[in-house]
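**Q** My structure is below; once you've seen it, I'll send some questions.
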Amino acid sequence: MAFCTRRAAAIASFALATCSLAAAAEPVEAVYSLVRKEKPAVVETLRQLVGIESGSRDREGLDRIAEVLKDRLAALGGQVELMEAGADAVKLFDTPPRTGRTVVARFEGTGTRKIMLLAHMDTVYPSGTLAKRPFRIEGSRAYGPGVADEKGGVAVVVHALAVLKSLGFREYGMLTVLINGDEELSTPGARNLITRLAAQHDVVFSCEPSPAPKDELALATSGIAAATLTVRGRPAHAGVNPEDGRNALLELAHQLLQTQALGDPSRGIKFNWTIASAGTTRNVIPDTATASADVRVRRIADFDAVEQAFRAAIAKGHLVPDTQVEAAFERRRPPLEVTERSRALAKRAQAISGELGRRLGLDESSKGAGTDAAFAALSGKPVVLENFGLMGFGYHSPDAEYVELDSIEPRLYLLTRLIMESSRER
């Protein structure tokens, strides 16, 4: 009898637990119904944003899209500023004279938690791309320059705010939106602003796309550096007196071979020579040669190790006498590193996606991509997660870049619900 009673109690407990899990998996209808209604508006926002060319070096186009976003965010109740790069902007080797402005919108709430939403409005595409490859919808995908990277993310931010406004939700202390116009240039103008503002917040949700077909968030991104070699030699006639020259190209080739094995994929360190140039005329011994390498790391400390190994390899010696070799190592973007706090917050995001019956992946591998999320995390104060934008692929490819329109509802629901939960945390 006791066994039967215990067995009946166990069955009842199991049934109760099963019902609780089922209940927990249900979406919050007040949010989800608004998200469903918002989808057509998101598509129109994508059409509007993609229809404005905003390459990182196109200041006129960046100004146009910044004004559009200023008006959209102000209409949602934000206090909006358009900010030029400040005195703390950095000058990288390829930074243009003027970078795009940064849109900063602040929404004051009734609570204490401070949340920041991060996105960028610039793209890699030059002016004129849109005329050849305009925004279009084919089946369940929307195509166009920058539609995934990252105008889809900008659209998610704008419409998550719209859903929150419709709900009358203001339980955060401060909700800050930062949308910069220089991310594709390694963020020379806005990086210190991002770090400074992020340090005033508890959490940061960055809205780069999730790589389709995966539905995932990133807890780590790669740090990026550029290694550069410049070799100076002596010119001479290649047919008459080549022995009087000092061949900078030959010396550069020697140095590239000396440094070709600096990568260590097992540790997430990648070192690849990608650009080289030398000489001006076929019959002249080149007196100048240059090369640049792309460097990726998983940890900030790895920058020091790679730079030290790079300079040590160059110091081994020259092949061509009387040539000068100059080495430079430019740290362009830090990595975003996984923390226990980011893991915990990502687990909450998974539970929210589970309310829609979806399985949200969590990527801790960094995969080689670098984003502004790393600048947001530099102070160590906020918890930072990446990839809240739409699911998409073909980034930086004008023919192939797309977003999955079916990802609008789950992604908008995820960001909106996570803002709400993070606002209520004590």
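Derivation of every value follows stated rules applied to the coordinates shown; laboratory data play no part. Just so you know, these numbers come straight off a predicted model, no measurement behind them. Please note: Cβ atoms are built from the backbone with ideal geometry, for glycine as well, and neighbour counts cover all protein chains shown.
**Q** Taking the chain as a Gaussian network, where each spring joins two C-alpha atoms under 10 Å apart, which residue of SER277, SER33, SER379 fluctuates the most?
**A** Checking each option, the largest mean-square fluctuation is seen for SER277.
**Q** Hey, another quick one. Past 31 Å, Cα to Cα: identify those pairs from LYS39/LYS132; LYS114/LYS270; LYS132/LYS165, in the order given.
**A** LYS114/LYS270; LYS132/LYS165
**Q** Right, another one. Stick to Cα atoms and the Kirkwood definition of Rh, then tell me Rg/Rh for region 202-254.
**A** Ratio of gyration radius to Kirkwood radius: 1.47.
**Q** Let me ask you something else. Arrange the peptides 143-149, 214-220 so that the one whose residues have, on average, the most other Cβ atoms within 10 Å appears first.
**A** In descending order of packing, they fall as 143-149, 214-220.
**Q** Given a Förster distance of 22 angstrom, what is the FRET efficiency for ASP264 paired with THR230, based on the Cβ-Cβ distance and rounded to 0.05?
**A** Rounded to the nearest 0.05, the efficiency is 0.30.
**Q** Shifting gears a bit: For region 317-426, what log10 I(q)/I(0) values come out of the Debye formula at q = 0.13, 0.19 1/Å, with one point per alpha carbon and no solvent?
**A** -0.64, -1.16
**Q** Strictly greater than 15 Å: what percent of every Cα pair in region 110-175 meets that?
**A** Looking at region 110-175, the distances longer than 15 Å represent 65 percent of pairs.
**Q** State, to one decimal in nm, how far the label point of GLU364 lies from the label point of GLN79, with both points 7 Å from Cα in the Cβ direction.
**A** Between GLU364 and GLN79, the label points sit 4.0 nm apart.
**Q** Taking 0.36 nm per residue of sequence separation and subtracting the Cα-Cα distance, how much length would be gained by fully extending the chain between SER166 and ARG341, in nm to one decimal?
**A** The SER166-ARG341 span can extend by a further 60.0 nm.
**Q** Out of LEU185, LEU175, LEU256, any idea which swings most in a Gaussian network model of the chain, alpha carbons joined below 10 Å?
**A** For the chain, modelled as a Gaussian network with Cα springs under 10 Å, the answer is LEU256.
**Q** Which residues among region 246-290 fall inside the zone where the amide N is under 12 Å from a point 7 Å beyond the Cα of ASP322, along Cα→Cβ?
**A** 246-247
**Q** Per the helix-only calculation at 222 nm, which mean residue ellipticity applies to the chain, given -39500 (n - 2.57) for every DSSP H run of n ≥ 4 and division by its residues, nearest 500 deg cm²/dmol? Let's see the in-between values first.
**A** On the way: 11 runs with 153 residues, N = 426.
Value at 222 nm, helices only: -11500 deg cm²/dmol.
**Q** Suppose every Lys and Arg Cβ carries +1 and every Asp and Glu Cβ carries -1, with no other charges. What dipole size does the chain come out with about its Cα centre, to the nearest 20 debye?
**A** Computed charge dipole of the chain: roughly 1060 debye.
**Q** Next up: With charges only on Cβ, +1 for K and R and -1 for D and E, what is the dipole size of region 223-333 about its Cα centre, in debye, rounded to 20?
**A** Here region 223-333 has a charge dipole of around 500 debye.
**Q** Using only the alpha-carbon atoms of region 223-333 as identical scatterers, what base-10 log of I(q)/I(0) does the Debye formula give at q = 0.18, 0.20 Å⁻¹?
**A** -0.82, -0.95
**Q** Picking from LEU62, LEU118, LEU356, which is most flexible by a Gaussian network model of the chain using Cα springs under 10 Å?
**A** LEU356
**Q** Looking at GLN308, LEU319, HIS237, which one has the Cα that reaches farthest to the positive end of the dipole of region 223-333 (charges on Cβ: Lys, Arg +1; Asp, Glu -1)?
**A** Of the listed residues, the answer is GLN308.
**Q** Still on this structure, please answer the following. Only helices at least 15 Å long along their own axis, judged from Cα atoms, and with Kyte-Doolittle mean hydropathy of 1.6 or greater: name those in the chain from DSSP H.
**A** Those that clear 15 Å and a mean of 1.6 are 153-167.
**Q** To continue, here is another question. Calculate I(q)/I(0) for region 93-210 by the Debye formula, one identical point scatterer on each C-alpha and no solvent, and give its log10 at q = 0.10 Å⁻¹ to two decimals.
**A** Debye intensities relative to I(0), on a log10 scale: -0.37.
**Q** Follow-up question, since we're still on this one. With the dipole of region 223-333 worked out from charges on the C-beta (+1 for Lys and Arg, -1 for Asp and Glu) around the Cα centre, which of GLY279, GLY223, LEU256 lies farthest toward the positive end?
**A** So the residue furthest toward the plus end is GLY223.
**Q** Can you give the direction-averaged projected area of the convex hull of the alpha-carbon atoms in the chain, in nm²?
**A** Spelled out: convex hull of the Cα atoms, projected over all directions, averaged, 26.6 nm².
**Q** Could you calculate the FRET efficiency of GLN200 with ALA312 from 1/(1 + (r/R0)^6), where r is the beta carbon distance between them and R0 is 41 Å, rounded to 0.05?
**A** Numbers: r = 41 Å, r/R0 = 0.99.
Approximately 0.50, to the nearest 0.05.
**Q** Considering just Cα atoms, how many Å³ per residue does the convex hull of region 235-293 enclose?
**A** 66
**Q** Still on this model: Within region 345-367, what residues put their amide N at less than 19 Å from the label point 7 Å along the Cα-to-Cβ vector of LEU92?
**A** 366-367
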